[in-house]
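In what follows, a structure is listed as structure tokens, so that the remarks can point back to it.
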Amino acid sequence: MAMTNVKVVQRSWGLFELARRRLRDVDQTSKHSATDIVQSSYGPNFKYEEFVVLPSAFYAVIYSIIMAVIATSLVLFRPVSHFCCPFL
């Protein structure tokens with residue numbers, strides 16, 4: 001999920017930052033919407049990282065092995081679809 005989440009967060013940062021910069025360049029008549037946009041902006045130095053924190057190195061190794069087995073299984077084994085769709 002990290003790859004997808006990073007793209008979504010970066011896109012929202014870009015949209016908020018674009019709106020904030022446009023407000024700075026163009027005089028707005030409504031002070032309320034300008035305040036909302038500035039408060040919604042993450043700021044120019046925003047950084048987003050996603051990671052898993054585990055209690056020890058042992059748990060980290062076990063977690064990595066389980067994730068590798070799941071990923072390998074998804075790649076190597078075709079889903080069994082005849083249970084839900086007998087005509088396939």
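What to note about this one:
- Hey, LEU23 in contact with a helix residue (DSSP H, G or I) (Cβ under 6 Å, 6 or more places away or on another chain), part of a helix (DSSP H, G or I), modelled with pLDDT of 70 or more and surrounded by 11 or more Cβ atoms within 10 Å (Cβ to Cβ) or not: yes
- The numbered conditions (1) assigned to a loop (DSSP other than H, G, I, E, B); (2) loosely packed, with under 10 Cβ neighbours inside 10 Å; (3) at pLDDT below 85 are all true for GLN28 except (2).
- Within segment 44-73, the residues that satisfy the criterion of being at pLDDT below 90, surrounded by 10 or more Cβ atoms within 10 Å (Cβ to Cβ) and not hydroxyl-bearing (Ser, Thr, Tyr) are PHE46, GLU50, VAL52.
The values are calculated or read from the model by the stated rules, or taken from the named source; none is laboratory data. Every value quoted in this text rests on a predicted model; they were computed, and no experiment measured them. Reconstructed Cβ throughout: ideal geometry from the backbone, glycine too, with neighbour counts over all protein chains shown.
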